[in-house]
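> Below is the structure I would like to discuss, written out as structure tokens.
The values are calculated or read from the model by the stated rules, or taken from the named source; none is laboratory data. Bear in mind that the values here come from a model prediction, so they are computed numbers and not experimental data. Cβ placement follows ideal geometry from the backbone for every residue including glycine, while neighbour counts extend to all protein chains displayed. What goes into the accessible areas is simple: the full protein's heavy atoms, side chains included, and nothing from ligands, DNA or RNA. Shrake-Rupley method; radii C 1.70, N 1.55, O 1.52, S 1.80 Å.
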Amino acid sequence: MAQILDGLKLSNEIKQEIKQDVDKIIASGKRVPHLAAILVGNNGASKAYVNSKVKDCAEVGFKSSLIKFPSTASESELLEKIQELNTDPEVDGFIVQLPLPKQMDQEKVIMAINSHKDVDGFHPENFGRMALEMSTFLPATPFGILTLFERYNIETKGKHCVIIGRSRIVGRPMSILMGRKDFPGNSTVTLTHSYTPHVEEFTKNADIVITALGDPHFLKADMIKEGAVVVDVGITRVDDDSEKGYHLAGDVDFESCSKKASWITPVPGGVGPMTRAMLMKNTLLAYKHTIYKD
């Protein structure tokens with residue numbers, strides 16, 4: 001049976017470490033870090049995610065601000081608020097929760113965010129710095145996976161890592177980070193996607209498989225080799241007859257793969273809590289000006 005890469009347990013440890021840092025900041029008489037979040041519209045998943053970020057801020061001792069716009073808001077209204085946050089010295093980092101309504105240009109909105117406050121790590125300047133192995137804000141999910149590998153001491157050097165999914169939030173940055181000259185990293189990386197024929201031909205030879213495609217139970221035991229490390233980023237609501245009416249499922253068929261893998265992340269309780277913790281970590285880095293020395 002595989003050992004569990006317990007993201008929930010580790011995320012709580014990291015949040016505790018951040019809280020200790022914040023306690024020292026308070027003891028020195030300085031203001032605490034401040035994270036702001038902008039939510040446009042009433043997307044249920046977005047609301048739940050933003051609310052969880054507000055809760056995380058309270059846990060670690062950060063100040064948080066939640067700025068809400070109706071789904072009918074104009075792009076110019078949103079850009080005006082972004083500019084306000086960009087220049088507010090009391091706000092260390094902020095996020096614009098995606099997706100945005102169709103009347104807004106997502107690229108334009110991301111470009112408008114001050115890269116020094118882009119704690120999501122989505123701004124092209126931060127993405128470029130990441131690709132060049134310079135100090136930067138890493139996107140929270142890849143940052144969380146790297147931290148799992150680091151804290152559980154998962155060997156990545158010289159390993160073959162197969163990533164399924166090429167989104168710019170997870171798959172693409174993950175492929176760059178696993179190939180970087182560092183630990184975790186120094187892997188030989190294969191990035192697969194919806195146009196990759198016979199994905200199993202790649203995953204069967206992989207030492208590390210990272211799935212991020214949103215297809216419940218896609219990765220079966222016969223698609224991985226004995227002793228592989230399996231990281232499941234996918235999380236999908238699957239309707240059922242339970243009281244809630246649904247359950248959360250990952251991309252990995254946990255039951256079969258956990259009998260063959262050496263390490264595996266559960267869903268829920270694996271990558272999700274780590275993503276949230278890394279947003280707190282990025283906010284602390286923004287507060288300390290450790291990314292951009294300004």
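> Would you list the strands (runs of 3 or more DSSP E) that sit entirely within segment 189-246 and hold 1 or more residues that are of a type in the set (Lys, Arg) and open to solvent by 30 Å² or more (accessible area, probe 1.4 Å)?
Per the criteria, 236-239.
> Can you find a residue in segment 79-93 that is under 18 Å from the mean Cα position of the chain (by Cα) and either open to solvent by 50 Å² or more (accessible area, probe 1.4 Å) or closer than 18 Å to His289 by Cα (or both)?
yes
> A further question on this structure: For Gln16, state whether it is open to solvent by 50 Å² or more (accessible area, probe 1.4 Å) and under 20 Å from Val271 (Cα atoms).
yes
> In segment 13-36, which residues are touching a helix residue (DSSP H, G or I) at 6+ places or on another chain (Cβ under 7 Å) and either within 15 Å of Met278 (Cβ to Cβ) or not in a strand (DSSP E or B) (or both)?
Those that are touching a helix residue (DSSP H, G or I) at 6+ places or on another chain (Cβ under 7 Å) and either within 15 Å of Met278 (Cβ to Cβ) or not in a strand (DSSP E or B) (or both): Ile14, Lys15, Ile18, Lys19, Asp21, Val22, Val32, Pro33, Leu35.
> Additional query: Can you give me the number of residues within segment 247-275 that are within 18 Å of Lys220 (Cβ to Cβ), assigned to a helix (DSSP H, G or I) and open to solvent by 20 Å² or more (accessible area, probe 1.4 Å)?
Here the count works out to 3.
> Pairs, please: C-beta under 7 Å, at least 6 apart or cross-chain, first residue in contact (Cβ under 8 Å) with a residue 60 or more places away in the chain and open to solvent by less than 80 Å² (accessible area, probe 1.4 Å) and in segment 102-119, second polar (S, T, N, Q) and part of a helix (DSSP H, G or I)?
Filtered contacts from segment 102-119: Ser115/Asn126; Lys117/Asn86; Val119/Asn282; Val119/Thr283.
> Residue under question is Met278, and the condition is that it be in contact with a Phe, Trp or Tyr (Cβ under 7 Å, 6 or more places away or on another chain), open to solvent by less than 10 Å² (accessible area, probe 1.4 Å) and in contact (Cβ under 8 Å) with a residue 24 or more places away in the chain; does it hold?
It is true that Met278 is in contact with a Phe, Trp or Tyr (Cβ under 7 Å, 6 or more places away or on another chain), open to solvent by less than 10 Å² (accessible area, probe 1.4 Å) and in contact (Cβ under 8 Å) with a residue 24 or more places away in the chain.
> Conditions: (1) closer than 22 Å to Leu285 by Cβ; (2) in a helix (DSSP H, G or I). Phe94 meets all but one. Number of the miss?
With respect to (1) closer than 22 Å to Leu285 by Cβ; (2) in a helix (DSSP H, G or I), Phe94 is out only on (2).
> Next up: Restricting attention to segment 120-164, and to residues there that are out of contact with any Phe, Trp or Tyr (no Cβ under 9 Å at 6 or more places or on another chain), surrounded by fewer than 20 Cβ atoms within 10 Å (Cβ to Cβ) and touching a residue at least 24 places away in the same chain (Cβ under 8 Å), which single residue is nearest to Val271 (Cα to Cα)?
Looking at the filtered set, the residue picked out is Arg151.
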